[in-house]
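So the structure is just underneath, and the comments pick up after that.
Derivation of every value follows stated rules applied to the coordinates shown; laboratory data play no part. If you're wondering where the values come from, they're calculated on a predicted model, not measured in any experiment. We place every Cβ from the backbone using ideal geometry, glycine too, and count neighbours over all the protein chains shown.
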């Protein structure tokens with residue numbers, strides 16, 4: 001069994017999309033990550049829900065470990081600035097899976113990365129669809145149990 | 001073989017200064033090369049490692065790492081911002097004071113890693129530029145760290161290498177000059193940044209409304225962690241009376257901390273910065289190679305020739321030379337190489353003379369402010385700023401670092417001439 005036998009979700013945005021457009025596409029997809037594609041359909045990067053969160057707040061927030069003292073409206077200005085920035089400024093490097101990849105290899109990759117969905121590319125190296133971790137796991141379960 | 005030893009050491013120092021490759025990789029590669037080429041034999045390489053320095057560093061890393069989740073350091077930074085009450089002058093002095101104090105009693109690298117992220121937040125809340133505040137903190141951390149045996153890596157190395165020098169000796173001989181230097185330099189920086197750090201009154205009012213103790217109330221093991229931290233610092237003061245090496249004090253404190261304030265020992269030990277410890281191991285082996293091949297003796301003889309054996313000239317050459325060397329490379333490897341040189345120059349036994357050691361400590365620690373690569377704390381601060389998308393350039397750092405270092409060294413020179421020579 002390879003990834004060709006699993007239903008993939010064609011969730012992506014073009015590299016020219018803004019942060020706001022990518023955020024909307026991410027929400028509409030219902031996935032934890034979507035692909036960012038160049039004009040030829042190659043995967044340029046991955047935009048995840050963590051990237052969305054990081055983009056909304058100052059970059060140093062991740063360095064802090066104590067913030068319970070902050071008032072509700074603190075640090076919200078960054079979201080305004082981020083809205084019209086290019087998604088490419090917020091995406092991360094994508095580690096693609098090939099369509100012929102075995103399910104065992106895909107499982108190993110999921111276990112060693114924090115992204116909840118990974119982009120799958122075809123033989124021509126173009127984006128085919130996103131493989132969500134939950135969907136992948138359920139497909140494996142269905143395959144073994146037959147239901 | 002002497003030339004091989006020099007070549008390896010100089011190339012490693014140059015590459016460390018250029019920052020193309022991680023300094024730990026370079027130090028270990030240099031050490032391995034010296035061992036493989038026979039500059040130093042295997043037994044010599046192992047004997048060259050100063051395990052006391054490594055123990056002291058590892059112990060303090062565990063203690064501070066387990067105190068950090070209590071939120072006490074965030075509390076201190078927030079209180080400072082509140083006490084400044086919107087005044088740029090007060091903010092700069094208070095931040096410099098807290099950073100200097102934390103550096104003196106934790107170590108300056110740790111102090112910077114604790115204080116810079118919260119400073120970025122404070123700057124955002126106060127609507128002022130973060131970089132001037134971070135520069136003040138970096139400078140304060142290097143000066144504050146000069147005051148104690150555990151405050152700055154050069155002092156840790158000197159303190160563990162020279163058994164005659166106690167924790168109290170460092171404080172008595174270095175804390176006053178560090179304090180004077182800190183106040184002088186901070187006043188200069190506060191004046192230079194007075195316009196950039198003007199706080200809008202409404203922002204000061206907003207900071208005043210923050211409850212800085214909230215995180216501490218939510219944290220666990222606050223009292224235990226602080227008790228162990230303060231107990232360890234107290235034990236440092238008393239280590240001579242207790243007949244305990246500083247490394248034993250730090251490791252005992254770390255062990256008590258693990259027993260009373262750590263649920264998961266694996267996670268607690270992750271607080272140890274292994275790359276720093278291995279960097280030191282590589283350095284010690286390389287310096288051992290230089291000693292083995294007589295390079296250190298030749299440098300010491302050369303220094304004695306230049307100064308004509310004059311105690312005053314030797315001391316001042318060590319002070320300014322250590323600062324210059326630290327500025328060019330990094331004060332840790334430079335101090336590692338200078339310790340055996342100063343040891344050769346210093347009389348031992350009953351006529352033990354500590355002034356050259358204070359000159360080395362002051363030169364290496366104050367010289368750490370000169371350039372972005374001169375001290376580990378500077379590199380760490382630049383790393384945090386980079387990750388926060390507020391990078392600081394080498395030249396911008398230099399514009400502050402050089403005048404600060406010159407003023408610091410002039411104060412140190414006056415201090416050594418008047419009180420020590």
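To check my understanding: the extent here is largest minus smallest coordinate of the Cα atoms along each principal axis. What are those three numbers for the stretch B:62-162, in Å, largest first?
Answer, in whole Å and largest first: 46, 26, 19 Å.
Can you tell me which of B:271-282, A:78-89 comes out highest on packing, and rank the rest after it, using the mean Cβ neighbours within 10 Å?
B:271-282, A:78-89
Antiparallel DSSP bridges in the stretch A:12-127: what percent, to the nearest 5?
60 percent
For the stretch B:256-414, how big is Rg over Rh, using alpha carbon atoms and the Kirkwood form of Rh?
Across the stretch B:256-414, the Cα-based Rg/Rh ratio is 1.06.
Normalised by the residues of the stretch B:309-421, what does the relative contact order come to in percent, with Cα pairs under 8 Å and at least six apart?
32 percent
In the Gaussian network model of chain B, springs joining C-alpha atoms below 10 Å, which of B:328, B:78, B:241 carries the largest mean-square fluctuation?
Highest fluctuation of the listed residues: B:241.
Fully extended, how many nm does the chain gain between residue A:38 and residue A:125 (0.36 nm per residue separation, minus their Cα-Cα distance)?
Extra length from residue A:38 to residue A:125 when fully extended: 30.1 nm.
Is the stretch B:106-248 best put as rounded, prolate or oblate by its Cα gyration tensor, with a ≥ b ≥ c the root eigenvalues, rounded for a/c under 1.5, and otherwise prolate when a/b is larger than b/c, oblate when not?
The shape class here is oblate.
If you fit an axis through the alpha-carbon atoms of helix B:331-345 and take the longest principal axis of the Cα set of chain B, what angle between them do you get, 0 to 90°, nearest 10?
With rounding to tens, the tilt is 40 degrees.
What FRET efficiency would be calculated for the residue pair residue B:19, residue B:353, taking the C-beta separation as r and a Förster radius of 35 Å, to the nearest 0.05?
Once the sixth-power term is evaluated, E becomes 0.40.
Write down the percent of antiparallel bridges among all DSSP beta bridges whose residues are both part of the protein assembly as shown, to the nearest 5.
Among the beta bridges of the protein assembly as shown, antiparallel pairing accounts for roughly 75 percent.
Report P(r) for chain B: all Cα-Cα distances, bin width 20 Å, range 0 to the bin holding the largest distance, values in whole percent.
27, 58, 14, 0
Sorted by packing (mean other beta-carbon atoms within 10 Å per residue), highest first, where do B:376-382, A:97-103 land?
B:376-382, A:97-103
Taking a ≥ b ≥ c as the square roots of the eigenvalues of the Cα gyration tensor of the stretch B:144-221, is the shape rounded (a/c under 1.5), prolate (a/b larger than b/c) or oblate?
Verdict is oblate for the stretch B:144-221.
Cα axis of helix B:295-307 to longest principal axis of chain B: angle in degrees, 0 to 90, nearest 10?
Rounded to the nearest ten degrees, it is 80.
Using alpha-carbon pairs under 8 Å, 6+ residues apart, how would you state the relative contact order of the stretch B:52-183 in percent?
25 percent
Does a label point 7 Å from the Cα of residue B:127, set along Cα-to-beta-carbon, have any residues of the stretch A:73-87 with amide nitrogen under 20 Å, and which are they?
Once the point is set 7 Å along Cα→Cβ of residue B:127, A:73-82 turn out to lie under 20 Å by backbone N, inside the stretch A:73-87.
For the stretch A:84-147, what D do you get in µm² per second when you plug the Kirkwood radius from alpha-carbon pairs into Stokes-Einstein at 4 °C and 1.567 mPa s?
Rounded, D is 99 µm²/s.
Give the peptides B:88-99, B:203-214, B:258-269 in descending order of average Cβ contacts within 10 Å, highest first.
B:88-99, B:203-214, B:258-269
Pop out the Kirkwood hydrodynamic radius of the protein assembly as shown from its pairwise C-alpha distances, inverse of mean 1/r, in Å to one decimal.
In the protein assembly as shown this quantity evaluates to 26.1 Å.
What does the average come to when, for each residue of peptide B:209-218, you count the partner chain Cβ atoms lying within 10 Å of its Cβ?
For this peptide, the per-residue mean of nearby foreign Cβ atoms is 3.
Roughly how many whole Å is it from the C-alpha centroid of the stretch B:233-259 to that of the stretch B:66-120?
The stretch B:233-259 and the stretch B:66-120 have Cα centres spaced 25 Å from each other.
Per 10 Å bin, what is the whole-percent P(r) computed from every C-alpha pair distance within the stretch B:118-172?
Cα pair-distance distribution for the stretch B:118-172, in percent: 24, 33, 21, 18, 5.
Using a Förster distance of 60 angstrom, determine the FRET efficiency expected from the C-beta separation of residue B:312 and residue A:5, and round it to 0.05.
Plugging the Cβ-Cβ distance into 1/(1 + (r/R0)^6) gives 0.10.
Quickly work out the residue B:419-to-residue B:386 label distance, labels modelled 7 Å from Cα along the C-beta direction, and quote it in nm with one decimal.
Those two pseudo-labels are separated by 3.8 nm.
Counting partner chain Cβ atoms within 10 Å of every residue's Cβ in A:65-76, what's the average?
Across the residues of A:65-76, the mean count of other-chain Cβ atoms within 10 Å is 6.
If I model a spin label as a point 7 Å beyond the Cα along the Cα-Cβ vector, how far apart are those points for residue A:59 and residue A:77 in nm?
1.8 nm
Starting from the Cα of residue B:90, step 7 Å along the direction of its Cβ; do the same at residue A:135; then give the gap between the two resulting points in nm.
Here the modelled spin labels are 5.8 nm apart.
Sorted from largest to smallest, which semi-axis lengths in Å does the alpha carbon gyration tensor of the stretch A:8-147 give for its equivalent ellipsoid, taking the root of 5 times each eigenvalue?
30, 19, 12
State whether the stretch B:174-331 is rounded, prolate or oblate according to the following rule on the C-alpha gyration tensor (a ≥ b ≥ c being the square roots of its eigenvalues): a/c under 1.5 gives rounded; otherwise a/b larger than b/c gives prolate, and the remaining case gives oblate.
Here the stretch B:174-331 falls in the oblate category.
Please give the helix A:133-145 orientation as an angle from the longest Cα principal axis of chain A, in degrees from 0 to 90, rounded to the nearest 10.
Long axis of A:133-145 versus the principal axis of chain A: about 30 degrees.
Taking each residue of A:55-64 in turn, how many C-beta atoms of other protein chains fall within 10 Å of its C-beta, and what is the average?
Per residue, the number of nearby Cβ atoms from other chains is 5 on average.
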